[in-house]
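Structure record follows, encoded as structure tokens.
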Amino acid sequence: MKSTSNTKFGFTKLLVDNLEASAAFYKSVCGLVETRRVDATIAGRNIREILFAPGHEGGATFVLLKFLDAPKPTTDEVILGFMTDDIDAFVERAKAAGGAVAQSSSTTVEHGLKVAFVTDVEGHLIEVVQLL
């Protein structure tokens, strides 16, 4: 068997219906920085993507993707995870940007963190973690 030591996780693509509204949400709530837009084809299907820079050195790229021939995608196939130094401010930004609180923040002392769940403007679930 070949070694996988040269393999690394590089990106996540979130399927969305409204690229512009979703991009605005992730920019304002998570501070993501857009790097480029791509129109391409995947397996014969036209797509449009918005790519965001990794949030830290060696981090993965976040991509919003829309299949141009598809109806609104489901929102329960992935949970995005974001780390923050101020979970309450993150939750407030999410609400102000059109998201919602799915589960209020709670502290888990044994794990040394505070966790909340919010949704983005299309209902995708986001787990927000603050280390204590």
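Relative contact order (percent) for segment 39-132, with alpha-carbon contacts under 8 angstrom and 6 or more residues of separation?
Once divided by the residue count of segment 39-132, the mean separation gives 24 percent.
Using just the helices of the chain, give the 222 nm mean residue ellipticity in deg cm²/dmol: DSSP H runs with n ≥ 4 each add -39,500 (n - 2.57), and the total is spread over all residues, rounded to 500.
Only helices count here, giving -5000 deg cm²/dmol.
Just order 6-12, 122-128 by mean Cβ neighbour count inside 10 Å, highest at the front, would you?
Highest mean packing first, the order is 122-128, 6-12.
Among bridges DSSP assigns within the chain, what percent are antiparallel (round to 5)?
75
Any idea how far the Cα center of segment 14-30 sits from the one of segment 100-114, in Å?
24
By DSSP, what percent of the beta bridges with both residues in segment 38-101 are antiparallel, rounded to the nearest 5?
So the antiparallel bridges amount to about 100 percent of the total.
What lysines does residue 8 reach when the alpha-carbon gap must be under 29 Å and sequence neighbours fewer than 8 apart in one chain are set aside?
27, 66, 114
What nm distance separates the two modelled labels at residue 36 and residue 4, each placed 7 Å from Cα along Cα→Cβ?
Label-label distance for residue 36 and residue 4, simple model: 2.8 nm.
Which option, [x] 19.8, 70; [y] 16.1, 50; [z] 16.7, 65, is the value of Rg and Dmax of the Cα atoms in Å that was calculated from these coordinates?
[y]
Give me, ordered by chain and number, the residues 5 or more places off residue 61 or on other chains with an amide H under 5 Å from its own placed amide H.
11, 12
Can you give the FRET efficiency to the nearest 0.05 for residue 13 and residue 102, using r as the Cβ-Cβ distance and R₀ = 25 Å?
0.70
Taking residue 72 as the anchor, which aspartates and glutamates have their alpha carbon closer than 16 Å to its alpha carbon, excluding any fewer than eight residues away along the same chain?
Candidates past the 8-residue exclusion: 17, 20, 49, 120, 122.
Here, each number is a calculation from the coordinates, and none is a lab measurement. Source: prediction; values computed, not measured. With ideal geometry, Cβ positions are generated from the backbone for all residues, glycine too; neighbour counts draw on all protein chains shown.
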